[in-house]
Amino acid sequence: MKTRKLLLSVAMSGAVVLGSARLLSAATATANLGIGTTVSANCSITTTAVTFPAAYDPVGTNAAADSDGTGNIAVTCTKGAGTSIALNLGANFTGTQARMKGPGATDYLNYQLFSDAARTVDWCGVTRTIAAAPSKATQNFIVYARIPRNQDVSVGAYADTVVATLNY
């Protein structure tokens with residue numbers, strides 16, 4: 001019986017000590033962990049070449065009518081980035097006139113680029129202001145092109161390269 005009492009007494013003491021240890025370790029402390037980063041402005045630009053519906057015909061159709069075509073500039077930016085798109089006058093311009101180079105040394109076909117479907121707002125050699133990107137979704141900007149009517153040009157292929165520059 002004495003052994004039992006002694007064991008019971010020791011067990012009770014241990015329970016009190018363990019219970020007290022739990023109470024002593026129940027205190028807490030807190031601290032704030034800051035989290036932060038910077039989102040950088042980043043953009044990409046791709047283009048789809050300007051195409052015209054048919055070959056330029058200076059004797060028939062295009063003796064009296066302009067030839068109109070379209071291309072596209074696709075811009076993808078970080079939300080809030082992007083301020084302007086500039087189109088230069090191409091590789092074959094003279095003065096402020098954009099032109100495509102033809103097969104001969106002096107063969108050129110004049111053209112114009114516009115930012116509106118009515119083809120009244122010039123975009124060739126001009127910087128166009130754009131709104132900051134509303135999201136990271138791609139925005140498309142149509143390039144409206146026109147080859148003026150009644151040009152006296154030689155038979156052959158004509159081409160030019162315009163550089164599109166996105167400022168952000």
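Tabulated results
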| quantity | calculated |
| --- | --- |
| Qualifying positions in region 65-100 - within 20 Å of TYR144 (Cβ to Cβ) and of a type in the set (Gly, Ala, Ser) | ALA65, SER67, GLY69, GLY71, ALA74, SER84, ALA86, GLY90, ALA98 |
| Members of region 101-129 that are under 14 Å from GLN151 (Cβ atoms) and among the hydroxyl-bearing types (Ser, Thr, Tyr) | THR106, TYR108, TYR111 |
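Residue by residue, here is whether (1) of a type in the set (Ser, Thr, Tyr); (2) free of Cβ contacts under 8 Å to residues at least 12 places away in the same chain; (3) closer than 30 Å to ALA41 by Cα; (4) surrounded by 18 or more Cβ atoms within 10 Å (Cβ to Cβ) holds:
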position: PRO103; (1), (2), (3), (4): no, no, no, no
position: LEU109; (1), (2), (3), (4): no, no, no, yes
position: ARG119; (1), (2), (3), (4): no, no, no, no
position: ARG128; (1), (2), (3), (4): no, no, yes, no
position: SER135; (1), (2), (3), (4): yes, no, yes, no
position: ILE147; (1), (2), (3), (4): no, no, no, yes
position: ASN167; (1), (2), (3), (4): no, no, yes, no
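A short reminder: the numbers here are calculations on the coordinates, not readings from a lab. Quick caveat, the model's predicted, so the values are computed rather than measured. Glycine also receives a Cβ, built like all others from the backbone with ideal geometry; neighbour counts cover every protein chain displayed.
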